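The numbers here are math on the coordinates, done by the rules we state, and not lab data. All values derive from a computational prediction rather than experimental measurement. Cβ coordinates were reconstructed from backbone atoms using ideal geometry, including for glycine residues, and neighbour counts include every protein chain displayed.
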Amino acid sequence: MRIHFDHEKLDVYREAIAFCGWVGDVLNEVIVKAAAKDQLDRGSTSIPLKIAEGNGKFSERAEVLREDEAEAAYFIEHDYDHDHEHE
């Protein structure tokens with residue numbers, strides 16, 4: 001069974017991977033060794049990596065929000081009144 005990460009479901013991530021493949025094909029045709037060739041290769045590779053990283057950060061924030069919401073729901077359900085705790 002293959003585990004899928006959230007970013008792998010994104011259309012933009014899939015397009016970025018396809019772009020990397022296209023750039024690789026183009027660069028294989030270029031015979032000249034040039035700094036621009038290397039920079040294009042590294043730049044195209046960084047695109048899907050940044051998408052995955054950004055999606056991971058979003059997922060972490062979403063998890064924190066879910067935990068905060070769960071905690072708030074618990075206190076509401078148990079009639080916890082923080083302001084009158086010590087009266």
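What net charge is computed for the residues neighbouring TYR13, neighbours being all others with C-beta under 12 Å from the C-beta of TYR13, Lys and Arg scored +1, Asp and Glu -1? Write down the numbers at each step before the final one.
On the way: positive: LYS9, ARG14, LYS50; negative: ASP6, GLU8, ASP11, GLU15, GLU53.
Residues close to TYR13 contribute a combined charge of -2.
What shape does segment 1-55 have by the C-alpha gyration tensor, where a ≥ b ≥ c are the square roots of the eigenvalues, rounded means a/c under 1.5, and otherwise prolate means a/b greater than b/c and oblate the rest? Prolate, because a/c is 1.5 or more and a/b exceeds b/c. For a Förster distance of 22 Å, can you work out the FRET efficiency between the beta-carbons of ASP6 and GLU71, rounded to the nearest 0.05? My answer for the efficiency is 0.40.
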